[in-house]
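The values are calculated or read from the model by the stated rules, or taken from the named source; none is laboratory data. Keep in mind it's a predicted model, so treat the numbers as computed, not measured. Please note: Cβ atoms are built from the backbone with ideal geometry, for glycine as well, and neighbour counts cover all protein chains shown.
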Amino acid sequence: MIGPGLSLEQAPPFSVPLRFFLSAPLFLFAAGLGAALSPDWTATPLASATLALTHLVTLGFLGMAMLGAMSQMLPVVAGAPLPNARLVAWVSHLGLLLGTPCLALGLYSGEAVLLMAGSSLIGLSLLVFLGAVGLALMRAQVSDTTQAMRLAAFTLGVTLFLGLGMASWLIGQWAPEAPLDWLTSHVLWGLGGWIGVLVMGSAWQVVPMLQLTPPYPPRLTRWLWRAMLVGLPLATLAPSPWRDAGQVMAALALITFAVTTLRLQSQRKRKVEDVTLDFWRVGMVCLIAAVLLAMARIRGVLPEAWTLLAGLLFLIGFATSVVTGMLYKIVPFMAWFHLQARVGFKRGQPSMRDYLPETRARGQYRAHLAALFCLLASPFQPLFTIPGGLLLAGSAAWLGWNLLQAQRLYHQAGAAGC
Amino acid sequence: MTSLSHFLSTDHSHCDDVFAAAENAVVAKDWARAQTEFQRFLDEMKHHFAMEEDVLFPAFETHTGMSGGPTSVMRGEHEQMNEVFAAMRDALAHQDGNGYLGLSETLLMLMRQHNLKEENILYPMADQALSGQADALLTRMGEIPH
């Protein structure tokens, strides 16, 4: 019947996911500032500045937010809370908080000490988190979402392994035969696997939940995670028809997911204005564009600058948009929920909209769009690079401010006992 | 034969429809329609809670011997939702659209998280544990007046 660890208890303590959510915008801010201060990142995807900025976004912003979201979601969608949630959150948050700037600076400067410190801290952080997620997921109720989460956790492990391998190569510990293949696989597993699969698995639950859309068809969700499970390893093979088939399969899965999401959202029952919906729509359009460009680029159809464009579409247009939209739901709901758990329900307690007024979120959304447009133009027109970076930093600061205001109201209302 | 899981999950989605109808009327500032739809929503929710609290949960508790476990968490969450309903009713009485929408947003998250836990965890457990008496339970749930 009810297995050990299967629990219907609510969320982990507020502090567990909140520390991740509040730290995440710092790194997006740093990435924006870095992009403005070091505009040569547009020269080539492998420029040291580009690598450093990419890791500030992927590990610092997206990684932080996704670890926080996962610790919050596992108990609800899978009935599987993280074991030792406080300790796991403390170690993995601190490792990422300290490790990401070290790694980014190490990639930028080539300093072996920084690379070593950064990759060790990140390795420790992610291994502890993955260990806890692995234990939780072993006990989870099986569903397409938990299968996607298992796959996402596995792909994060592979991405980490490949990343650590390349870090030790940069430090001079060993020399891989084909470093570019390592790099391609690292990107593929990190973006398509960890980010792509985790967003998909979460979307199956949260898109119908937030906008009251029809559910994703079960046959589709079953096919989507299986296509990624088969497609990603195939796409990592040496050049062969199998590899091409794997790439096409993963690309098709991501595009089908995005198109379905847009279609379901257009059939939503709720008519209320919702900034999260807009973030997701932008995200899905950018995901489709990023995957199409990446496929064309792999086949050598497009010049190098388009690789940067595909990367920007994926990281800023798709992943950052979707994650920001989710933060605007998760943080105010958690604030409401935990306050209510602490002092009981009282009339006049702040509601989700008091924690995060739509107008505030809407303003930040516009800043994010402006940053996105400038950044997308940067690989082709350097004039846009500095404004793009500054706008990204401004939009990240705004996001952080919005989340901090929610946290402040939570403490004020708690202290006032209402 | 309909499973307990299927029957109750379908009812969740029916309640969602009425929830959206009430909220959309508030967005349109059509207060008369909002009042009617909100009352319909409350009736549906009350009916759903009764099917669970009066029929499903007691049967589950008797069969598994777990009265302090998952069903008591679910009862607690029903109680929480009842409190938000009352606050929404106040907001509607004062034609406070913004207040209502803040609460309905909050309720939606609370309600859907609750539903997810039931649909993913509790109902499948109930299907397993109560497979022998599913028909009888469904009949009893059907007899609860709206």
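Applying the selection to the stretch A:119-158, what residues are touching a Leu at 6+ places or on another chain (Cβ under 9 Å), farther than 16 Å from residue A:59 by Cα, among the small types (Gly, Ala, Ser) and part of a helix (DSSP H, G or I)?
Result: A:132, A:136, A:148.
Between residues in the stretch A:207-221 that are away from chain B (no Cβ under 12 Å) and residues that are assigned to a helix (DSSP H, G or I) and buried (at least 19 other Cβ atoms within 10 Å of the Cβ), which pairs lie under 6 Å by C-beta distance while being six or more apart or on different chains?
Close Cβ pairs (under 6 Å, with a partner that is assigned to a helix (DSSP H, G or I) and buried (at least 19 other Cβ atoms within 10 Å of the Cβ)) amount to A:216/A:204; A:221/A:144; A:221/A:204.
Can you pull out the residues in the stretch B:28-61 that are within 14 Å of chain A (Cβ to nearest Cβ) and not aliphatic (A, V, I, L, M)?
B:29, B:30, B:33, B:37, B:41, B:52, B:57, B:60, B:61
Can you tell me how many residues in the stretch A:338-352 are assigned to a helix (DSSP H, G or I), over 24 Å from the mean Cα position of the chain (by Cα) and crowded, with 20+ Cβ neighbours inside 10 Å?
Residues that pass the stated criteria total 1.
Conditions first: (1) closer than 24 Å to residue B:10 by Cβ; (2) more than 10 Å from chain A (Cβ to nearest Cβ); (3) modelled with pLDDT of 90 or more; (4) within 20 Å of the chain's Cα centre (by Cα). Residue B:89 passes all but one, so which condition is the exception?
Of everything listed in (1) closer than 24 Å to residue B:10 by Cβ; (2) more than 10 Å from chain A (Cβ to nearest Cβ); (3) modelled with pLDDT of 90 or more; (4) within 20 Å of the chain's Cα centre (by Cα), residue B:89 misses just condition (1).
All but one of (1) in contact (Cβ under 8 Å) with a residue 24 or more places away in the chain; (2) part of a helix (DSSP H, G or I) hold for residue B:95; state the number of the condition that does not hold.
Evaluating residue B:95 over (1) in contact (Cβ under 8 Å) with a residue 24 or more places away in the chain; (2) part of a helix (DSSP H, G or I) leaves (2) as the failure.
Have a look at A:290, A:335 and point out the one that is assigned to a helix (DSSP H, G or I), over 18 Å from the mean Cα position of the chain (by Cα) and of a type in the set (A, V, I, L, M, F, W, C). Please lay out each step first, then the result.
Details: A:290 fails: over 18 Å from the mean Cα position of the chain (by Cα).
Checking each option against the conditions leaves just A:335.
Out of (1) away from chain B (no Cβ under 14 Å); (2) of a type in the set (A, V, I, L, M); (3) farther than 28 Å from residue A:56 by Cβ, what's the single condition that is false for residue A:399?
Status for residue A:399: all satisfied but (3).
Return yes when residue B:119 is in contact (Cβ under 8 Å) with a residue 12 or more places away in the chain and under 20 Å from residue A:207 (Cβ atoms) and no when it is not. Outline the logic, then answer.
Working: in contact (Cβ under 8 Å) with a residue 12 or more places away in the chain: yes; under 20 Å from residue A:207 (Cβ atoms): yes.
Spelling it out, residue B:119 is indeed in contact (Cβ under 8 Å) with a residue 12 or more places away in the chain and under 20 Å from residue A:207 (Cβ atoms).
Can you say whether residue A:302 is surrounded by fewer than 19 Cβ atoms within 10 Å (Cβ to Cβ), over 27 Å from residue A:22 (Cβ atoms), touching a helix residue (DSSP H, G or I) at 6+ places or on another chain (Cβ under 6 Å) and without any contact (Cβ under 8 Å) to a residue 60 or more places away in the chain, as far as the supplied structure shows? Working first, answer last.
Numbers: surrounded by fewer than 19 Cβ atoms within 10 Å (Cβ to Cβ): yes; over 27 Å from residue A:22 (Cβ atoms): yes; touching a helix residue (DSSP H, G or I) at 6+ places or on another chain (Cβ under 6 Å): yes; without any contact (Cβ under 8 Å) to a residue 60 or more places away in the chain: yes.
Criteria met by residue A:302.
Sort out which residues of the stretch A:23-81 are among the hydroxyl-bearing types (Ser, Thr, Tyr) and under 22 Å from residue A:123 (Cα atoms), and write them in order of number.
Keep residues of the stretch A:23-81 that are among the hydroxyl-bearing types (Ser, Thr, Tyr), which gives A:23, A:38, A:42, A:44, A:48, A:50, A:54, A:58, A:71.
Across the stretch A:23-81, the qualifying residues are A:23, A:48, A:50, A:54, A:58, A:71.
Looking only at the stretch B:126-138, which residues are surrounded by fewer than 23 Cβ atoms within 10 Å (Cβ to Cβ) and either in a helix (DSSP H, G or I) or facing another protein chain (nearest Cβ under 9 Å) (or both)?
Looking only at the stretch B:126-138, we keep the residues that are surrounded by fewer than 23 Cβ atoms within 10 Å (Cβ to Cβ), and these are B:127-138.
Answer for the stretch B:126-138, where residues must be surrounded by fewer than 23 Cβ atoms within 10 Å (Cβ to Cβ) and either in a helix (DSSP H, G or I) or facing another protein chain (nearest Cβ under 9 Å) (or both): B:127, B:128, B:129, B:131, B:132, B:133, B:134, B:135, B:136, B:137, B:138.
Among A:231, A:201, which is surrounded by 23 or more Cβ atoms within 10 Å (Cβ to Cβ), touching an Asp or Glu at 6+ places or on another chain (Cβ under 8 Å) and assigned to a helix (DSSP H, G or I)? Spell out the reasoning first.
Details: A:231 fails: touching an Asp or Glu at 6+ places or on another chain (Cβ under 8 Å).
Only one candidate qualifies: A:201.
Among the residues of the stretch A:159-185, what is the count of those that are among the charged types (D, E, K, R) and assigned to a loop (DSSP other than H, G, I, E, B)?
First, pick out the residues of the stretch A:159-185 that are among the charged types (D, E, K, R): A:177, A:181.
Pick out the ones that are also assigned to a loop (DSSP other than H, G, I, E, B) and you get A:177.
Residues in the stretch A:159-185 being among the charged types (D, E, K, R) and assigned to a loop (DSSP other than H, G, I, E, B): 1 in total.
Give the stretch B:92-103 a look and list any residue that's crowded, with 21+ Cβ neighbours inside 10 Å and at the interface with another protein chain (Cβ under 8 Å from one of its Cβ atoms), or say none. Please lay out each step first, then the result.
Step one: filter the stretch B:92-103 for residues crowded, with 21+ Cβ neighbours inside 10 Å, giving B:92, B:100-103.
Once the filter is applied, which keeps residues that are crowded, with 21+ Cβ neighbours inside 10 Å and at the interface with another protein chain (Cβ under 8 Å from one of its Cβ atoms), the stretch B:92-103 yields B:101, B:102, B:103.
Can you name every one of the helices (runs of 4 or more DSSP H) wholly within the stretch A:1-118 that holds 1 or more residues which are surrounded by fewer than 22 Cβ atoms within 10 Å (Cβ to Cβ) and modelled with pLDDT of 95 or more? First the steps, then the outcome.
Working: elements: A:15-37, A:48-55, A:64-78, A:85-109.
In the stretch A:1-118, A:15-37, A:48-55, A:85-109 are the helices (runs of 4 or more DSSP H) which contain 1 or more residues that are surrounded by fewer than 22 Cβ atoms within 10 Å (Cβ to Cβ) and modelled with pLDDT of 95 or more.
Do we have residue A:125 as modelled with pLDDT of 95 or more, farther than 21 Å from residue A:48 by Cβ and crowded, with 17+ Cβ neighbours inside 10 Å here?
yes
Being under 23 Å from residue B:13 (Cβ atoms) and buried (at least 21 other Cβ atoms within 10 Å of the Cβ) is the filter here, so list the residues in the stretch A:217-228 that pass it.
Of everything in the stretch A:217-228, those that are under 23 Å from residue B:13 (Cβ atoms) and buried (at least 21 other Cβ atoms within 10 Å of the Cβ) turn out to be A:221, A:224.
Taking the condition of being surrounded by fewer than 16 Cβ atoms within 10 Å (Cβ to Cβ) and in contact with a helix residue (DSSP H, G or I) (Cβ under 7 Å, 6 or more places away or on another chain), how many residues in the stretch B:64-77 meet it?
Count: 2.
Checking the conditions here, which among A:327, A:315 is more than 9 Å from chain B (Cβ to nearest Cβ), surrounded by fewer than 24 Cβ atoms within 10 Å (Cβ to Cβ), under 20 Å from the mean Cα position of the chain (by Cα) and within 30 Å of residue A:191 (Cβ to Cβ)? Before the answer, list the steps.
Working: A:327 fails: surrounded by fewer than 24 Cβ atoms within 10 Å (Cβ to Cβ).
Unique residue meeting the criteria: A:315.
Each row is one residue, and each column tells you yes or no for (1) touching a strand residue (DSSP E or B) at 6+ places or on another chain (Cβ under 8 Å); (2) part of a helix (DSSP H, G or I); (3) buried (at least 16 other Cβ atoms within 10 Å of the Cβ).
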residue	(1), (2), (3)
B:2	no, no, no
B:8	no, yes, yes
B:12	no, yes, yes
B:23	no, yes, yes
B:26	no, yes, yes
B:34	no, yes, yes
B:44	no, yes, yes
B:53	no, yes, no
B:62	no, yes, no
